Amino acid sequence: MLDSLPQLPLFNGFGPARIALLKPLFESFICATGTMIFEQGDPAQYLYLLLKGDVVIQYKPYDGPVIMLTRLHSGDVFGWSAVVGSLKYTSSIVSESEIEAIRIRGNQLWEMVAEHPETGRLIIDRLARIVSPRWENAHKQIQSLLNSNQTEPTGEK
């Protein structure tokens with residue numbers, strides 16, 4: 001799977017030297033359908049790049065049922081909490097099919113950014129572009145669901 005690094009959109013235009021720098025930082029990750037890859041509240045360690053398969057992002061408000069936020073497919077990224085400095089994942093990820101992915105520890109990514117700022121900036125910038133529309137949509141979805149739950153009569157006083 002790591003041999004596919006140069007073909008992934010995240011690494012488009014990266015020469016052999018940059019690929020050689022990044023390759024040892026990533027590891028392969030495979031799991032079966034129905035696997036809880038990580039749960040909301042687990043320590044945020046890895047950022048995942050989905051190569052094959054589909055996953056579901058779930059969010060559990062403290063006072064409500066689990067909400068399915070979105071589905072991710074090949075080429076998508078998840079586990080962003082590991083990169084933005086969160087100690088814990090803010091949502092859960094469940095595989096909907098067999099998964100093939102590569103993953104990198106968030107702290108290793110930031111070490112690479114410090115040691116190789118130009119390459120690091122490119123990676124972080126590209127990751128942010130992949131994830132930012134989803135964050136906006138997820139935030140809107142969560143707010144909408146939370147607001148609708150607040151306005152529905154619950155029968156409690």
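The values are calculated or read from the model by the stated rules, or taken from the named source; none is laboratory data. Remember, it's a predicted structure, so these values are computed and weren't measured experimentally. Note: ideal-geometry Cβ built from the backbone for every residue, glycine included; neighbour counts use all protein chains shown.
Return the residues of the stretch 20-45 that are under 15 Å from SER91 (Cα atoms), of a type in the set (A, V, I, L, M) and free of Cβ contacts under 8 Å to residues at least 60 places away in the same chain; say none if nothing qualifies.
MET36
Assess whether VAL131 counts as being within 19 Å of LEU21 (Cβ to Cβ), surrounded by 11 or more Cβ atoms within 10 Å (Cβ to Cβ) and modelled with pLDDT under 90.
No; evaluated as a whole, the condition is false for this residue.
Say whether the condition of being in a strand (DSSP E or B) and β-branched (Val, Ile, Thr) is met by at least one residue in the stretch 5-25.
No, there is no match, as no residue in the stretch 5-25 is in a strand (DSSP E or B) and β-branched (Val, Ile, Thr).
Would you call ALA17 out of contact with any strand residue (DSSP E or B) (no Cβ under 6 Å at 6 or more places or on another chain), among the small types (Gly, Ala, Ser), surrounded by fewer than 16 Cβ atoms within 10 Å (Cβ to Cβ) and closer than 29 Å to LEU69 by Cα?
So ALA17 does not fit the description; no.
So, in the stretch 85-105, exactly how many residues are surrounded by fewer than 14 Cβ atoms within 10 Å (Cβ to Cβ) and among the hydrophobic types (A, V, I, L, M, F, W, C)?
1
If HIS73 meets every condition in (1) loosely packed, with under 14 Cβ neighbours inside 10 Å; (2) over 22 Å from ARG129 (Cβ atoms) apart from one, which number is that one?
Here HIS73 clears every test but (2).
Pairs only if they're at least six apart or on different chains, beta carbon under 7 angstrom, first in the stretch 107-124 and within 18 Å of GLN45 (Cβ to Cβ) and without any contact (Cβ under 8 Å) to a residue 40 or more places away in the chain, second part of a helix (DSSP H, G or I) and aliphatic (A, V, I, L, M); list them, first residue then second.
That search, which allows pairs on different chains as well, returns VAL113/ILE124.
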